[in-house]
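Participant: Dropping a structure here in structure tokens format, bear with me for questions.
The values are calculated or read from the model by the stated rules, or taken from the named source; none is laboratory data. Nothing here was measured: the structure is a model prediction, and the numbers come from that model. Here the Cβ is made from the backbone with ideal geometry for all residues, glycine too, and neighbour counts use every protein chain on show. Note: areas computed on protein heavy atoms with side chains; ligands, DNA, RNA excluded. Shrake-Rupley method; radii C 1.70, N 1.55, O 1.52, S 1.80 Å.
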Amino acid sequence: MKSPIQLLKLTDDDNIIIPVLPAKVKAGGYGSFESPALDFPEDTIDLLKLLIKDKETVFFAFVTGDSLNGIGIFDGDILIIQKGMLPKENDVIIVFLDGEFYVKKYRPSFKENSSSLESIILKSENPEYLDLFISSDSDFTYWGKSTWNLHRL
């Protein structure tokens, strides 16, 4: 069972300025009331600057499959991918493996007393899927690190 993704490149140079509510939205810690003046938001954010650090090295990808449901990445989600960022353990990464793109959690293994890679496990976060093991014989390319997940509610 595979979870291929479809990659898209950002081409629009326009900024997307969005008003921001001038208070935090509570997901706990109930008991106080916000000011009625909140109907008039004062702050804005540039959505592209928030989500994208470098337009030349950022791609969007639609996720297909459910192998990462356990960490909140679902079929139909849109990932923002930054190429050129070195992954750290447990980062969500995009790889090209045996002719297909995959999104998985990165689990490197290093040689004893060394910083040299010994193997890589591409971990699924759904018990219905096996992890993928990368060996020196694998047709494998690290593509980038996912920095944001856009998930429809």
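Participant: Taking springs between alpha-carbon atoms closer than 10 angstrom, which of Y30, Y106, Y129 fluctuates most in the Gaussian network model of the chain?
Facilitator: Of the options given, Y30 has the highest mean-square fluctuation.
Participant: Could you work out what % of the accessible surface of the chain is carbon and sulfur, using a 1.4 angstrom probe and leaving DNA, RNA and ligands out of the count?
Facilitator: 55 percent
Participant: Of the candidates I45, I94, I73, which one comes out as most mobile in a Gaussian network treatment of the chain with C-alpha springs shorter than 10 Å?
Facilitator: I45
Participant: When the convex hull of the Cα atoms of the stretch 53-96 is projected onto a plane and the area is averaged over all directions, what value comes out in nm²?
Facilitator: Here the figure is 3.6 nm², rounded to one decimal.
Participant: Now for a different question. Can you return the lysines within cross-link range of K111? Criterion is Cα-Cα under 25 Å, with same-chain partners fewer than 8 residues away left out.
Facilitator: K88, K123, K145
Participant: Tell me, what is the FRET efficiency for E112 and L7 to the nearest 0.05, using R0 = 25 angstrom and their Cβ-Cβ distance as r?
Facilitator: Efficiency at R0 = 25 Å is approximately 0.10.
Participant: Debye sum, Cα scatterers, the chain, no solvent: what log₁₀ I/I(0) at q = 0.11, 0.13, 0.17 1/Å?
Facilitator: Here the Debye-derived log intensity ratios amount to -0.56, -0.73, -1.02.
Participant: Leaving out ligands, DNA and RNA but keeping every protein chain, what accessible area does F96 have, in Å² rounded to the nearest 10, with a 1.4 Å probe?
Facilitator: 60 Å²
Participant: Per residue, how much accessible surface does the chain expose to a 1.4 Å probe? Answer in Å², no decimals.
Facilitator: Accessible area per residue: 67 Å².
Participant: List the extent of the Cα atoms of the stretch 42-117 along each of their three principal axes, largest first, rounded to whole Å.
Facilitator: Computed over the Cα atoms, the extents are 54, 28, 25 Å.
Participant: With contacts defined as alpha carbon pairs under 8 Å and 6 or more residues apart, what's the relative contact order of the chain in percent?
Facilitator: 24 percent
Participant: Right, next: Compare the peptides 56-68, 17-29, 78-90 by average per-residue count of other Cβ atoms within 10 angstrom and give them in order, highest first.
Facilitator: Descending packing order for the listed peptides: 56-68, 78-90, 17-29.
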